[in-house]
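Peer 1: One structure coming up, written as structure tokens, with questions to follow.
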Amino acid sequence: MKNSLNERRIYLFKYLNLKRFYYAVGKKGFIEFIISIIFLLFFYAPLINAGMLAFANQYFYPDILPGEWGFKWWEFILGRDNLIQSIFNSFLIASLVTIVSLLICIPAAYALARFDFKFKESIMFSYLLTNAFPKMGLYVSIAIIFYKFNLMGSYLGVIIIHVINSIMYMVWLPMGAFRSIHKQQEEAARDVGATPLQTFFNISLPMAIPGIAVSSIFTFLGSMDESQGTLLVGFPQVKTMATEMYAIIMDFPITAGAVFSLLLIIPSLIIIFIFRKYITADAIQIK
Amino acid sequence: MSEVKVKIKDLSVIYDNGDGVRNIDLDIYESEILTLLGPSGCGKSTILRAIGGFNKLTGGEIIIDGEDISQLPPEKRPTSMVFQSYNLWPHMTVYENLAFGLKLRKISSKEIESEINKVLKLLKMEGFEDKYPAQLSGGQQQRIAIGRSVLLKPAVLLLDEPFSALDAKIRHQMREELKRIQSELNISVVFVTHDQEEAISISHRIVVMDKGKIAQVGTPTEIYEEPVNPYVASFIGEMNFIDEGDKFLAFRPEEVEIVTNDSGEYPATIEHIMLYGHYSQVLLRGRHNMIRAFVPKTNMVDIEEHMKVSFNVTKIREYEKEI
Ligand SMILES: Nc1ncnc2c1ncn2[C@@H]1O[C@H](COP(=O)(O)OP(=O)(O)OP(=O)(O)O)[C@@H](O)[C@H]1O
Ligand SMILES: [Mg+2]
């Protein structure tokens, strides 16, 4: 009896053996497994940590577990006057940024995908370049211009900063989506009587919607998340969730930051949930 | 088949790199199927797309029903085109695909519905209204694309290798379908293909093209029987050539008559016999080159491989060599 239990145990352990696992799934599978474990740790370990700290009344640094559990910091954060206002501001700014960015970038993406014109290459390259610069340097030089136009501390100024940040993926992703539409499909629309504009709105745009949706989500979440530029241009008048986060981290214990960071995740989760059917590898042309 | 529907006058379409077609003159008649035939890159699509409005003309004009349409954009032309693939809009159902052009013409939805029902019946595709293109086979997609075009009652239907992405069996069915649809609706069709068998089986007239120019226009029989030059002769069907120094003699395999003694005009040795069911293909080693002959089954009894024979030719064509 005892023997057979032992045997079974050995049997089980056999398959926990890394070497066996390696040969069972093959080299490629094994490497993928290791990489995804590392990935998961990177993604979720801080999140779990924040989740834990958010429910700590007291926490001292090198300890792993909090000294005292409770909702103290939730009460504190939810009780702050600025919270509701900053959430509202964040959503308002993110929505406006997404709309403005769509209006500017979608036509540009279409033009880059379909038409040949002078300087096309250099325009595409300059997109990359603006993202290669250190952001802060860019913001400071923009701020100098904003002073002249009285845009410092204004919502408009913050929106412009966020739109500039979004141009990269708002042009690149939809451009890829437009490129993947077959030319015949647009020509067929012209052929049955659609003008170029009707073709764009009835054929090209709907077919590119998955790519456009994903980039809009990126833009929206990116705007919710943006703090550097918002602080520099909007301070102190424009308060968003992201800038509030800065204030809280500076002035209060880390546990308060943990609560706020969980709050920050909520809108992202909601949006990703709503648009989950669009967020596929296909839409961003991985594969 | 008498009235001219489309008149192409001195048409040139030349791309930036110098490729294209030059000085094309062609009439397309009322309710005929006219096929543009030629090897890849000879300019078939270029001409078709020029008629449809997708290629800018470098010179010449295109007249449909007496009206010069050379400068009109595709949406204003009385033409409709079916491409080799990716005709349908994947985000629309079959019904929406068919209805799109009619809606743009501000036709009432009641009338649209009855028109679409008629066309689906013509295509034998009733019941497919709510399917998406991805749910259809390649052949069904092409049929819907043809239906979408004929719904608009175009003066001329343009088809650019519409069946070449389909497998052989479906391709044959689709040819017959197209012939049936064309004769029921009685419309003019310009059909592009690089497949000579397809061209012969489907067309009232064939335009054989060679490097951006028209080599010959004629009925399938005319082109098969009387090709104007060795290029057309070798492009359509099988042709034997004998080099006579300053000229070529040309004849088809079925025009060879083998005689078992040396009384025939040309001496030869039988190299190889291959049975193809109701006829055999016989390879003969002639004086200069190999000659291919098709021999009916009933005449096969008295010949065998390696036999010395001779042959006569029932019909011979002569082509001067160009220097
Ligand atoms: N948009 C274009 N720009 C430049 N050259 C082109 C363009 N389209 C076609 N060509 C060239 O013009 C010539 C004729 O092309 P076309 O597409 O009309 O040939 P085709 O007879 O339809 O061939 P296929 O059977 O391969 O479709 C070719 O040499 C081709 O490379
Ligand atoms: Mg072609």
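Just so you know, all these numbers are worked out from the coordinates, no wet-lab data involved. What you see is a predicted model, and the numbers here were worked out from it, not measured in a lab. Counting neighbours? That spans all protein chains shown, and the Cβs are built from the backbone with ideal geometry, glycine included.
Peer 1: Just one of (1) of a type in the set (G, A, S); (2) surrounded by 19 or more Cβ atoms within 10 Å (Cβ to Cβ); (3) over 13 Å from the mean Cα position of the chain (by Cα) trips up B:A199, so point out which.
Peer 2: In the conditions (1) of a type in the set (G, A, S); (2) surrounded by 19 or more Cβ atoms within 10 Å (Cβ to Cβ); (3) over 13 Å from the mean Cα position of the chain (by Cα), B:A199 misses (3) alone.
Peer 1: Quick check, is B:K103 charged (D, E, K, R), out of contact with any Phe, Trp or Tyr (no Cβ under 9 Å at 6 or more places or on another chain) and more than 16 Å from ligand 1 (Cβ to nearest atom)?
Peer 2: When the stated conditions are applied, B:K103 passes them.
Peer 1: Still on this structure: Being at the interface with chain A (Cβ under 10 Å from one of its Cβ atoms) and either touching a strand residue (DSSP E or B) at 6+ places or on another chain (Cβ under 7 Å) or over 18 Å from B:I187 (Cβ atoms) (or both): is that true of B:P162 here? First the steps, then the outcome.
Peer 2: Values: at the interface with chain A (Cβ under 10 Å from one of its Cβ atoms): no; either touching a strand residue (DSSP E or B) at 6+ places or on another chain (Cβ under 7 Å) or over 18 Å from B:I187 (Cβ atoms) (or both): yes.
No: the conditions fail for B:P162.
Peer 1: Determine whether segment B:30-53 contains at least one residue that is among the aliphatic types (A, V, I, L, M), more than 29 Å from B:L98 (Cα to Cα) and more than 16 Å from ligand 2 (Cβ to nearest atom).
Peer 2: No, every residue in segment B:30-53 fails to be among the aliphatic types (A, V, I, L, M), more than 29 Å from B:L98 (Cα to Cα) and more than 16 Å from ligand 2 (Cβ to nearest atom).
Peer 1: Shifting gears a bit: Yes or no: segment B:5-13 includes at least one residue that is more than 24 Å from B:R175 (Cβ to Cβ), within 16 Å of ligand 1 (Cβ to nearest atom) and acidic (D, E).
Peer 2: Kept after step one, since they are more than 24 Å from B:R175 (Cβ to Cβ), are these residues of segment B:5-13: B:7-13.
Now drop any that are not within 16 Å of ligand 1 (Cβ to nearest atom), which leaves B:8, B:11-13.
Right, trim to acidic (D, E) and you get none.
Within segment B:5-13 (the criterion being more than 24 Å from B:R175 (Cβ to Cβ), within 16 Å of ligand 1 (Cβ to nearest atom) and acidic (D, E)), the answer is no, since none of the residues qualifies.
Peer 1: Can you tell me how many residues within segment B:76-103 are assigned to a helix (DSSP H, G or I), in contact with an Asp or Glu (Cβ under 8 Å, 6 or more places away or on another chain) and without any contact (Cβ under 8 Å) to a residue 40 or more places away in the chain?
Peer 2: So the count comes out to 1.
Peer 1: Still on this structure: With the requirement that a residue be of a type in the set (A, V, I, L, M) and either assigned to a strand (DSSP E or B) or away from ligand 1 (no atom under 15 Å from the Cβ) (or both), what does segment B:14-56 give you?
Peer 2: B:I14, B:V21, B:I24, B:L26, B:I28, B:I33, B:L34, B:L36, B:L37
Peer 1: Restricting the first residue to segment B:183-194 and requiring it to be more than 14 Å from every other protein chain (Cβ to nearest Cβ), which pairs with a second residue that is away from ligand 1 (no atom under 12 Å from the Cβ) and basic (K, R) meet a Cβ separation below 6 Å and a spacing of at least six or different chains?
Peer 2: B:S188/B:K5
Peer 1: Right, another one. Restricting attention to segment B:107-123, report how many residues are surrounded by fewer than 14 Cβ atoms within 10 Å (Cβ to Cβ) and closer than 18 Å to B:N186 by Cα.
Peer 2: Count: 2.
Peer 1: Being at the interface with chain A (Cβ under 10 Å from one of its Cβ atoms) and away from ligand 1 (no atom under 16 Å from the Cβ) is true for just one of B:S114, B:S80, B:S108, B:S70. Which residue is that?
Peer 2: Exactly one residue qualifies, and that residue is B:S80.
Peer 1: Now a separate question. With within 27 Å of the chain's Cα centre (by Cα) and either within 16 Å of ligand 1 (Cβ to nearest atom) or surrounded by fewer than 21 Cβ atoms within 10 Å (Cβ to Cβ) (or both) as the only criterion, which of B:G59, B:G127 stands out?
Peer 2: The match here is B:G59.
Peer 1: Still on this structure, I have one more. If you go through segment A:169-177 one residue at a time, do you hit one that is within 14 Å of chain B (Cβ to nearest Cβ) and either in contact with a Gly (Cβ under 9 Å, 6 or more places away or on another chain) or surrounded by 17 or more Cβ atoms within 10 Å (Cβ to Cβ) (or both)?
Peer 2: Looking for residues that are within 14 Å of chain B (Cβ to nearest Cβ) and either in contact with a Gly (Cβ under 9 Å, 6 or more places away or on another chain) or surrounded by 17 or more Cβ atoms within 10 Å (Cβ to Cβ) (or both), one finds at least one in segment A:169-177, hence yes.
Peer 1: Can you tell me which residue is nearest to A:Q228 (Cα to Cα) among those in segment A:105-144 that are surrounded by fewer than 16 Cβ atoms within 10 Å (Cβ to Cβ) and within 20 Å of the chain's Cα centre (by Cα)?
Peer 2: Among those that are surrounded by fewer than 16 Cβ atoms within 10 Å (Cβ to Cβ) and within 20 Å of the chain's Cα centre (by Cα), it is A:M136.
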